[in-house]
Amino acid sequence: MKVSEAVVTPKIILVGVDDTADAQKALYYAIHAAKLDGAKLVIGTVLESDEISAITILDKEKMLDIRADIVDDMARYKQDALNAGLSDVEVVYAEGDAAKTLVNELIPMVKPDLVVIGSETKKGIAKRLGSTAAHIVKHAPISVMVVR
């Protein structure tokens, strides 16, 4: 196999974002890669319900506020990508377990050629039992780039 046959220039890049430093690095890496490759950039996030207390979930106003904050963050990320010179940028949002939702819902919906994610798990027990990044790398049907 020749190098030119092995290298695939992505047409669609999906970047998973949250509020960790590594995810922010992944976003800016994906913006740069999309600009270099002329790819569409899809910025995705997942609201993880297991990180929200039952009391908060039952409070409709608080949940509306949480979702509104996510919408604001995603709009800011999209604007950052547009300001960097990209013209084809989309945002997607889902709720559930971050790793499973990205693999089972966002990837099939977006149909990217490449997923870019940060390596850091946000907090809690996931750091001890296995990370979101490890699950995505293991189960995604496409190439995954993990950014540190």
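The values are calculated or read from the model by the stated rules, or taken from the named source; none is laboratory data. The structure displayed is predicted, hence computed values, not measured ones. No Cβ is skipped: glycine too gets one built from the backbone with ideal geometry, and neighbour counts run over all protein chains shown.
Kindly provide the set of residues from the range 20-59 that are under 20 Å from residue 114 (Cα atoms) and among the hydroxyl-bearing types (Ser, Thr, Tyr), ordered by number.
The answer is 28, 29, 45.
Taking the condition of being in contact (Cβ under 8 Å) with a residue 24 or more places away in the chain, of a type in the set (A, V, I, L, M, F, W, C) and surrounded by 15 or more Cβ atoms within 10 Å (Cβ to Cβ), how many residues in the range 49-103 meet it?
Qualifying residue count for the region: 12.
Name the helices (runs of 4 or more DSSP H) wholly inside the range 1-93 in which the number of residues that are at pLDDT below 90 and of a type outside the set (A, V, I, L, M, F, W, C) is 2 or more.
Hits in the range 1-93: 3-6, 60-83.
List pairs: first in the range 104-117 and assigned to a helix (DSSP H, G or I), second crowded, with 22+ Cβ neighbours inside 10 Å and not basic (Lys, Arg), Cβ under 6 Å, 6+ apart or cross-chain?
From residues that are assigned to a helix (DSSP H, G or I), the pairs are 106/44; 110/14; 110/42.
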